[in-house]
Amino acid sequence: MSIAHRINVEDVKVLSNDWYLLKKTTFSFLREDGTWQKQSRETYDRGNGATILLYDKERRTVILTRQFRYPAFVNGHDDLLIETPAGLLDNAEPEARIRAETEEETGFKVRSVRQVFDAFMSPGSVTERLHFFVGEYQPGDRTSAGGGNEDEGEDIAVMEIGIDEAMSMIASGVIRDGKTIMLLQYAALNLFKGA
């Protein structure tokens, strides 16, 4: 039996539709023991997204960004957040969107990308599914300064660091962004292993 056969949606209320869509849904769920249980959940729908780790295997470096994230700030992170380039799909295919987002944020024109996995990042409340990519770069692939879209409030700094330093920054708590940690660990295990 699919999960769709175990859900009976009874009511959906829009709580906010300002920045993204926040709904409260009341539904009954068919439990494993055969009983129906009434539940309610709030879901935040901001669309799906994509992220990428640019890496230079020969020089053992990666490209990361630093930017202000208000939700992290109000939860006690009094610094810029270090991240992999990322963005919402906005009705584009994941690969096309990550290519454009990478150039906008970092100034690097990506030659080839490869999707390595996708994941729900906060499935208890956020609907977003994130597509994870890796792509090789060389210093000459940078065609502009990057920095993001000022109209969207982006003020992004670009960092080129060694993979070993990046892994140390995870261990020390300097890098705290989940998608970035996932891609750096993927790279350490699959892209830089033995290099």
Legend entry - Orientation-averaged projected area, Cα convex hull of the range 1-67 (nm²): 8.7 nm²
Inset, instruction - For every helix of n ≥ 4 consecutive DSSP H residues, a contribution of -39,500 (n - 2.57) applies; sum these over the chain, divide by its total residues, and give [θ] at 222 nm rounded to the nearest 500 deg cm²/dmol. - result: -5000 deg cm²/dmol
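Loop-only check: which chymotrypsin sites (Phe, Trp or Tyr not before Pro) in the range 41-116 are DSSP coil with at most 15 other Cβ within 10 angstrom? Kindly include the intermediate steps, with their values, before the conclusion.
On the way: sites: Y44, Y55, F68, F73, F108; in loops: F68.
Loop-located and lightly packed - F68.
The range 1-106: which GluC sites (Glu not before Pro) are DSSP loop and have at most 14 other beta-carbon atoms within 10 angstrom? List each step's numbers first, then the result.
Working: sites: E10, E32, E42, E58, E83, E95, E101, E103, E104, E105; in loops: E32, E58.
Passing both the DSSP loop test and the Cβ count: E32, E58.
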Inset, instruction - Please give the per residue accessible area of the range 1-141, computed with a probe of 1.4 Å over protein heavy atoms only, in Å². - result: 59 Å²
Inset, instruction - Equivalent ellipsoid semi-axes for the chain, as square roots of 5 times the alpha carbon gyration tensor eigenvalues: give them largest first, rounded to whole Å. - result: 35, 19, 17
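With all pairs of different alpha carbon atoms counted, what Kirkwood hydrodynamic radius in Å does the range 80-187 show?
Numbers: mean 1/r = 0.0674 Å⁻¹.
Kirkwood hydrodynamic radius for the range 80-187: 14.8 Å.
What does the convex hull of the Cα atoms of the range 1-115 come to per residue, in Å³, rounded to a whole number? Intermediate results must be reported in sequence, preceding the final value.
On the way: hull volume 23.5 nm³, N = 115.
Per residue, the Cα convex hull of the range 1-115 comes to 205 Å³.
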Inset, instruction - Tabulate in residue order the Karplus-calculated ³J(HN,Hα) for the range 75-80, using 6.51 cos²θ - 1.76 cosθ + 1.60 with θ = phi - 60°, rounded to whole Hz; enter x for Gly and Pro. - result: 9, x, 8, 8, 7, 6
Legend entry - Extreme residue, positive dipole direction of the chain, given options V126, S16, L64 (C-beta unit charges): V126
Legend entry - Computed over the chain: relative contact order in percent, which uses C-alpha pairs under 8 Å that are six or more apart: 21 percent
Legend entry - Gain upon complete extension [Q138, L189; 0.36 nm per residue less C-alpha separation]: 16.3 nm
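The values are calculated or read from the model by the stated rules, or taken from the named source; none is laboratory data. As the structure is a computational prediction, the values presented were derived from the model and not from experiment. Neighbour counts run over all protein chains shown; Cβ positions are idealised from the backbone, glycine included. Note: accessible area is taken over every heavy atom of the protein model, side chains too, but ligands, DNA and RNA are not part of it. Shrake-Rupley method; radii C 1.70, N 1.55, O 1.52, S 1.80 Å.
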